[in-house]
Structures are given as C-alpha cells and as structure tokens.
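Student: Handing you a structure now.
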Amino acid sequence: MSILLYGLWFGLCVVAGLAVFNSKYSFQQKMLASFFVLFCSLVMCLIELPYHYPPTIKVSPNQKVFVIGDSISAGISAKERVWPDVLADISHFKVINLAKPAASVETGLDQSAGIVGSNSLVLVEIGGNDLLGYSDSKTFYVQLDRLLAKLTAGNNQVVVFELPLLPFCNAFGKAQRNLAKKYNVTLIPKHYMTDVFGLKGGTLDGLHLSQKGHDALANSIDRLLKKS
C-alpha cells in the first residue's frame, strides 16, 4: 500500500486516541472513534490478505523450470547446493539455474536469453540488489516491466518472488504487484523468503543462504508445485 495511506491511517489512530482519552467527549463518541479506526484497519488487512495465500503452481512432468535470480539463487561459493539444485532433486523436474551473483532486474534480461523453447515455468527471484540501492523504484518498475514482457512473450508461466521490503520502500512492492496483474504473473508471498531469513542458521550473513536455508527454501517451493 502507499505510504500516504499508512500516514492517513496513523493520523486517524492518533486523533482517535486523543479523543478516547479526552473527558469532554461522550462514551458514545469515544466508541464511534474506536470503531472507525478498527473498521479502517480491518479493510486494510482484507486488502492485503490475498497476497499472503500460498499460490498453486501447476507444472507438467516434462516441463522445464528456469530460475532467474541473484546471489540468493546463485550462491556465493562453489560448496553450496543452491535451492534450485535441491529443488531439482526433490521435485524431479528439470531445473535450469540461470541466476548470477550481484544480479539486478536489468541484468536479469541477460539471464532470460538462456531460456530456450516455450511453455516453461520461470521462477524469478530478483530485485533485492535493486532494493538495496542499485536503482530507484521508478527505474525498477521500467526494468521489471521489460523483463516480464520478455519472459511472458514465450508463453511461459512466470512466477515472481515478492521482495521483503525495507521501511519506506513500498514503491518496489507496488511495482511488483501492479506488473504481476499486467502480465498475469503469479506472486510468491514475501514470507516464503523472510521465513528462511529468520530461520536459525538459515543464512551465512543475514542475507545469503546457508545450506540449511537453501534446503528450506527448496522444500517450501516444492510444496507449491502441483504436477498437472
């Protein structure tokens, strides 16, 4: 949601709070103010709720699975069995990992050249480096628009990991959601990634996945894949 909406909601909470603790207002007025805040909060939660349901990703047994990504998917050392490799083992799908360390949405276009044929499943785990300072939200939108346009042009089924957002970076999440609607792209809720980041021993440095983190992410994605 927009920062403006959050600001209006916070202002409403402050005004209602002051009214509740002000003796010049009647009990009925205090209840009305509290109810209005509760109603607005509930509406905001209902708007957000659909983005937290696990999606169903239908895949045929002979369908190729490509991964476009950054160092979370590519790993940072040769010793790791990154989550796309683990996913290939446990799902028995052919998973081709095109991810590159330090990749951004812009360089994701270069990775997309490795997708051969059509009717493939493309998992897009990219944008974290853009969020951390590689680009602003407007540039991110333009580049993600180009990437999704190219990926969906081959009649591929495209699935995008939602970015766990830093404070005041809502525009990046809004860009993902708006473009997902534009291109009929499936979104994987951001908690799939944050659950791994928060897993004890799930990362090496708070961001890059340990083997435990790669295994956990692969298993969570495998549960979303439904053979058709």
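The values are calculated or read from the model by the stated rules, or taken from the named source; none is laboratory data. If you're wondering where the values come from, they're calculated on a predicted model, not measured in any experiment. As a convention, Cβ positions derive from the backbone with ideal geometry for all residues, glycine included, and neighbour counts pool all protein chains shown.
Student: Is it the case, given these coordinates, that Glu80 is among the acidic types (Asp, Glu), touching a His at 6+ places or on another chain (Cβ under 7 Å) and either buried (at least 19 other Cβ atoms within 10 Å of the Cβ) or in contact (Cβ under 8 Å) with a residue 24 or more places away in the chain (or both)?
Tutor: Details: among the acidic types (Asp, Glu): yes; touching a His at 6+ places or on another chain (Cβ under 7 Å): yes; either buried (at least 19 other Cβ atoms within 10 Å of the Cβ) or in contact (Cβ under 8 Å) with a residue 24 or more places away in the chain (or both): yes.
Judged against the criteria, Glu80 is a match.
Student: Follow-up. Looking only at region 51-96, count every residue that is part of a loop (DSSP other than H, G, I, E, B) and of a type in the set (Gly, Ala, Ser) and tell me the total.
Tutor: Going through region 51-96, the residues part of a loop (DSSP other than H, G, I, E, B) turn out to be 53-56, 60-63, 70, 75-82, 92-93.
Imposing the further condition that a residue be of a type in the set (Gly, Ala, Ser) reduces the set to 60, 75, 77-78.
Of the residues in region 51-96, 4 are part of a loop (DSSP other than H, G, I, E, B) and of a type in the set (Gly, Ala, Ser).
Student: Okay, moving on. Which residue is modelled with the lowest pLDDT, if the candidates are limited to region 150-163 and must be part of a helix (DSSP H, G or I) and farther than 27 Å from His52 by Cβ? Can you show your working first?
Tutor: Start the filter on region 150-163 by keeping residues that are part of a helix (DSSP H, G or I), which leaves 150-153.
Now narrow it down to the ones that are farther than 27 Å from His52 by Cβ: 150, 153.
Details: Lys150: 94, Ala153: 88.
Top of the filtered list is Ala153.
Student: Here's a follow-up. Restricting attention to region 55-74, which residues are of a type outside the set (Asp, Glu) and surrounded by 23 or more Cβ atoms within 10 Å (Cβ to Cβ)?
Tutor: Residues of region 55-74 that are of a type outside the set (Asp, Glu), as a first pass: 55-69, 71-74.
Hits for region 55-74 are Val65, Phe66, Val67, Ile68, Gly69, Ile72, Ser73.
Student: In addition: For the subset of region 114-139 comprising residues that are touching an Asp or Glu at 6+ places or on another chain (Cβ under 9 Å) and either assigned to a loop (DSSP other than H, G, I, E, B) or more than 18 Å from Ala99 (Cβ to Cβ) (or both), which member is modelled with the lowest pLDDT?
Tutor: Among them, the one singled out is Ser135.
Student: So which residues in region 154-163 are under 20 Å from Lys64 (Cβ atoms) and either surrounded by fewer than 17 Cβ atoms within 10 Å (Cβ to Cβ) or under 14 Å from the mean Cα position of the chain (by Cα) (or both), if there are any at all? Quick ask: steps written out before the conclusion?
Tutor: First, pick out the residues of region 154-163 that are under 20 Å from Lys64 (Cβ atoms): 154-161.
Within region 154-163, Gly154, Asn155, Val158, Val159, Val160, Phe161 meet the criteria.
Student: Can you name the condition, by its number, that Ala103 falls short on among (1) surrounded by 14 or more Cβ atoms within 10 Å (Cβ to Cβ); (2) without any contact (Cβ under 8 Å) to a residue 40 or more places away in the chain; (3) over 21 Å from Met193 (Cα atoms)?
Tutor: (3)
Student: A follow-up question, please. Answer yes or no: is there a residue in region 72-79 that is over 26 Å from Thr152 (Cα atoms) and of a type in the set (D, E, K, R).
Tutor: The answer is yes, given that some residue of region 72-79 is over 26 Å from Thr152 (Cα atoms) and of a type in the set (D, E, K, R).
Student: For Leu179, only one of the following conditions fails: (1) hydrophobic (A, V, I, L, M, F, W, C); (2) within 23 Å of Lys226 (Cβ to Cβ); (3) free of Cβ contacts under 8 Å to residues at least 60 places away in the same chain. What is its number?
Tutor: Failed condition: (2).
Student: Shifting gears a bit: Quickly run through region 164-189 and pick out the residues that are surrounded by 15 or more Cβ atoms within 10 Å (Cβ to Cβ), assigned to a loop (DSSP other than H, G, I, E, B) and at pLDDT below 95.
Tutor: Correct list: Pro164, Leu165, Cys169.
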